1. Rounded to the nearest 500, what is the chain's calculated 222 nm mean residue ellipticity when only DSSP H runs of at least 4 contribute -39500 (n - 2.57) each, over all residues?
2. Using a probe radius of 1.4 Å on heavy atoms only, what accessible surface per residue do you get for the chain? Whole Å² is fine.
3. Calculate how steeply helix 5-21 sits against the longest principal axis of the alpha-carbon atoms of the chain, using the helix alpha-carbon long axis, and give the answer as 0 to 90 degrees to the nearest 10.
4. Which residues' amide hydrogens lie under 5 Å from the amide hydrogen of D61, considering only partners 5 or more residues apart or on another chain, with H built in the peptide plane?
5. Mind computing the radius of gyration and Dmax over the alpha-carbon atoms of the chain? Å is fine for both.
6. What do you get for the angle between helix 48-57 and the principal long axis of the chain? Use alpha-carbon atoms, 0 to 90 degrees, nearest ten.
7. Just to confirm the filter: which chymotrypsin sites (Phe, Trp or Tyr not before Pro) across segment 8-44 are DSSP coil and have at most 16 other Cβ within 10 angstrom of their Cβ?
8. Which percent of the accessible heavy-atom area of the chain goes to carbon and sulfur, probe 1.4 angstrom?
Amino acid sequence: MDTSHNLKKLQDIIEDYRKENYTQTLPKRFKKELVGAADRDSDGYITQLEIGQLLENIGADELMTKEEISDVFTELGFGGDESKTGIPVVELMKIL
């Protein structure tokens with residue numbers, strides 16, 4: 001997959017957070033826990049709003065705009081209504 005600037009930016013934000021705060025945790029386990037925490041309603045999908053909340057919770061909400069998050073979802077084929085359209089948890093695990 002050709003990684004867009006915004007997708008790469010999201011990946012880098014998450015990886016930087018992992019390196020700073022979870023160095024003793026395996027990357028796969030960290031991603032599973034992070035994605036699980038992001039899926040606030042436990043429906044198996046991560047919405048743009050949930051990604052925004054996740055970034056806020058890890059202190060990175062200033063690093064990525066709503067438009068950039070929307071671009072990531074659109075690029076991955078999950079664009080649309082920001083509150084209802086989500087990326088399946090399984091797919092987000094692969095992307096991160």
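1. Numbers: 5 runs with 56 residues, N = 96.
Calculated at 222 nm, the ellipticity per residue is -18000 deg cm²/dmol.
2. Numbers: 5990 Å² over 96 residues.
I get 62 Å² per residue for this part.
3. 30
4. Here the answer is E56, since their amide H atoms fall under 5 Å of that of D61.
5. 12.3, 37
6. So the inclination is approximately 30 degrees.
7. Working: sites: Y17, Y22, F30; in loops: Y22.
Those that pass, being in a loop and sparsely packed, are Y22.
8. 48
The values are calculated or read from the model by the stated rules, or taken from the named source; none is laboratory data. On a predicted model such as this, the values are computed, not experimentally measured, just so you know. As a convention, Cβ positions derive from the backbone with ideal geometry for all residues, glycine included, and neighbour counts pool all protein chains shown. All accessible areas refer to the heavy atoms of the entire protein, side chains included, with ligands and DNA or RNA removed. Shrake-Rupley method; radii C 1.70, N 1.55, O 1.52, S 1.80 Å.
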